[in-house]
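A.B. asks: Structure below; questions to follow.
The values are calculated or read from the model by the stated rules, or taken from the named source; none is laboratory data. Just so we're clear, the structure is a prediction, and the values are computed from it rather than from any experiment. Positions of Cβ are generated from backbone atoms using ideal geometry, with glycine treated the same way; all protein chains shown enter the neighbour counts.
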Amino acid sequence: MSDAGKLKVVIRDGRLLSALPNDVLFDSGRTDIRADGQAALADVAKVLATIPDRGFLVAGDTDDVPIHTARFPSNWELSTARAVEVTKFLISNGMRPQVLAAAGYGEFDPVVPNDSPERQGQNRRIEIRASTEPRRSTLARRDERDSVNEPQGNTRRLFQPSRGHWSKSSTTVAVTATTMDARRT
């Protein structure tokens, strides 16, 4: 583990991630990034922007102390809003939006039990998780998939909502797009 001030770079569950405690980034119950947090994130953005073809998930985490405000009815909303703010900040500091995603885990992904104020503080954090696979756009993955020749013979039709028509596929397929469940053989 590397520890540069409050920023920690760790490997957890085989994944490389940067973890920043929320007390460096945010005031309690807020999503505005503090000045010292902005400085740390700007340095992180410079480094991550140099890593080609990797995706990054900005994950917000909280402790298990409930929050009940009009803006944040639960820790999920707070952790997600914080992750989005950090994501927008990283983009404004040179990262490509195509390689970033934001998620909020609320109190449901603790690194330690929430049984003391110190441990609760460890669970209040933003993590920037590097993907293990190169980042490719959905369009690139679809084009790659479509370029593969399907075997002739036992084929059927698959509805592709993005294209608005049926195309060949093998075996019966259930496609769900939002609430639509289309089945066709």
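A.B. asks: Output the number of residues of segment 10-24 satisfying the condition of being closer than 16 Å to Ile67 by Cβ and either among the hydrophobic types (A, V, I, L, M, F, W, C) or loosely packed, with under 14 Cβ neighbours inside 10 Å (or both). Give the steps one after another, and end with the answer.
C.D. replies: At the first step, the residues of segment 10-24 found to be closer than 16 Å to Ile67 by Cβ are 22-23.
Among the residues that remain, those that are also either among the hydrophobic types (A, V, I, L, M, F, W, C) or loosely packed, with under 14 Cβ neighbours inside 10 Å (or both) are: none.
Matching residues across segment 10-24 total 0.
A.B. asks: Here is a further query. So which of Gly55, Gly60 ends up being part of a strand (DSSP E or B), in contact with a Gly (Cβ under 6 Å, 6 or more places away or on another chain) and at negative phi? Even if it seems obvious, please write down each step before you answer.
C.D. replies: Numbers: Gly55 fails: in contact with a Gly (Cβ under 6 Å, 6 or more places away or on another chain).
After applying the criteria, what remains is Gly60.
A.B. asks: For segment 32-55, does any single residue satisfy the condition of being in the same structural domain as Gly104 (by TED's automatic domain parsing), closer than 22 Å to Pro110 by Cβ and exposed (fewer than 14 other Cβ atoms within 10 Å of the Cβ)?
C.D. replies: No, every residue in segment 32-55 fails to be in the same structural domain as Gly104 (by TED's automatic domain parsing), closer than 22 Å to Pro110 by Cβ and exposed (fewer than 14 other Cβ atoms within 10 Å of the Cβ).
A.B. asks: Return the pair list, or none, for Cβ contacts closer than 8 Å from residues in segment 126-142 that are within 13 Å of Ile51 (Cβ to Cβ) and part of a strand (DSSP E or B) to residues that are acidic (Asp, Glu) and modelled with pLDDT of 70 or more, at least 6 apart or on different chains.
C.D. replies: Pro134/Asp53
A.B. asks: Would you call Ala101 in the same structural domain as Asp27 (by TED's automatic domain parsing) and farther than 21 Å from Asp32 by Cβ? Steps first, please.
C.D. replies: Working: in the same structural domain as Asp27 (by TED's automatic domain parsing): yes; farther than 21 Å from Asp32 by Cβ: yes.
So Ala101 passes the test.
A.B. asks: Taking the stated definitions as given, is Glu127 more than 19 Å from the chain's Cα centre (by Cα), under 30 Å from Asp61 (Cβ atoms) and either at pLDDT 70 or above or of a type in the set (Val, Ile, Thr) (or both)?
C.D. replies: Working: more than 19 Å from the chain's Cα centre (by Cα): no; under 30 Å from Asp61 (Cβ atoms): yes; either at pLDDT 70 or above or of a type in the set (Val, Ile, Thr) (or both): yes.
So Glu127 fails the test.
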